[in-house]
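Following: one structure in structure tokens, then a few remarks.
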Amino acid sequence: MREAEMAMAFAMLQNEQQRVALAISKLGGRAREWALTCGTSVEAAFLSWKELKMQLLRVFSSAFRERSRFLAARQVKKELVDFVQDLRTLIAGMAANFLPKAVTVTVFMEGLSTGVARKEVFRVSHPSSFKEAVKVALTAIFNLKSTQLGWTTQP
């Protein structure tokens with residue numbers, strides 16, 4: 001965007017449509033593809049440079065990327081604690097426009113790999129919060145590991 005603004009400052013552009021056209025010509029990758037497919041024509045989609053800039057920030061801001069990364073999160077081969085930490089980081093990044101509790105719990109539950117933690121979280125009658133779901137999963141893993149190592153909770 002900065003490059004486009006600099007080019008606009010030096011170019012003798014007559015109207016807003018020329019500014020928009022120059023800005024789009026400076027875009028690349030997904031942003032360029034998005035701008036060119038926004039409407040039936042670029043002129044109709046963006047009436048001014050200011051509007052194009054606002055739309056670009058709205059669509060490609062990091063909060064939306066973090067939201068999509070959060071919704072697509074999967075444990076795969078990570079340790080449970082690493083998966084939980086990744087989700088907590090993504091949730092913190094979306095603080096301005098947070099997701100409902102039910103969505104965060106569902107994403108966590110669906111993202112868990114098949115195993116003890118997933119079975120235990122699904123066995124509990126749907127946890128009411130992300131913290132509760134994490135607690136159930138971490139407790140299940142702890143209990144499994146302590147059983148495998150022969151630890152007991154009673155003397």
Scan (1) assigned to a helix (DSSP H, G or I); (2) under 11 Å from the mean Cα position of the chain (by Cα) for the single condition residue 110 breaks and write down its number.
-> (2)
Which residue, of 92, 96, is at pLDDT below 85 and assigned by TED's automatic domain parsing to the domain that holds residue 137?
-> 96
With the first residue restricted to the stretch 14-35 and required to be on the phi > 0 side of the Ramachandran plot, and the second required to be of a type in the set (Gly, Ala, Ser) and not in a loop (DSSP other than H, G, I, E, B), Cβ contacts under 8 Å at 6 or more apart or on different chains are none
Here are some residues: 79, 43, 51. Which one is at pLDDT 85 or above and more than 29 Å from residue 115 (Cα to Cα)?
-> 51
Can you name the residue in the stretch 100-126 that is within 13 Å of residue 74 (Cα to Cα) and hydroxyl-bearing (Ser, Thr, Tyr) and is also surrounded by the fewest Cβ atoms within 10 Å (Cβ to Cβ) among such residues?
-> 114
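Assess whether residue 58 counts as being part of a helix (DSSP H, G or I), out of contact with any strand residue (DSSP E or B) (no Cβ under 7 Å at 6 or more places or on another chain) and modelled with pLDDT under 90. Can you show your working first?
Details: part of a helix (DSSP H, G or I): yes; out of contact with any strand residue (DSSP E or B) (no Cβ under 7 Å at 6 or more places or on another chain): yes; modelled with pLDDT under 90: yes.
Spelling it out, residue 58 is indeed part of a helix (DSSP H, G or I), out of contact with any strand residue (DSSP E or B) (no Cβ under 7 Å at 6 or more places or on another chain) and modelled with pLDDT under 90.
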From (1) surrounded by fewer than 16 Cβ atoms within 10 Å (Cβ to Cβ); (2) within 27 Å of the chain's Cα centre (by Cα); (3) modelled with pLDDT of 90 or more; (4) not hydroxyl-bearing (Ser, Thr, Tyr), pick out the condition that doesn't hold for residue 141.
-> (1)
Name the residue, out of 50, 131, that is charged (D, E, K, R) and assigned by TED's automatic domain parsing to the domain that holds residue 35.
-> 50
Only one of these conditions is not met by residue 75: (1) in contact with a helix residue (DSSP H, G or I) (Cβ under 8 Å, 6 or more places away or on another chain); (2) in a helix (DSSP H, G or I); (3) under 23 Å from residue 99 (Cβ atoms); (4) not basic (Lys, Arg). Which number is it?
-> (2)
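The values are calculated or read from the model by the stated rules, or taken from the named source; none is laboratory data. Only a predicted model underlies this, so the values are computations on that prediction, with no experimental measurement involved. Don't worry about glycine lacking a Cβ; one is built from the backbone with ideal geometry, like all the others, and counts go over all protein chains shown.
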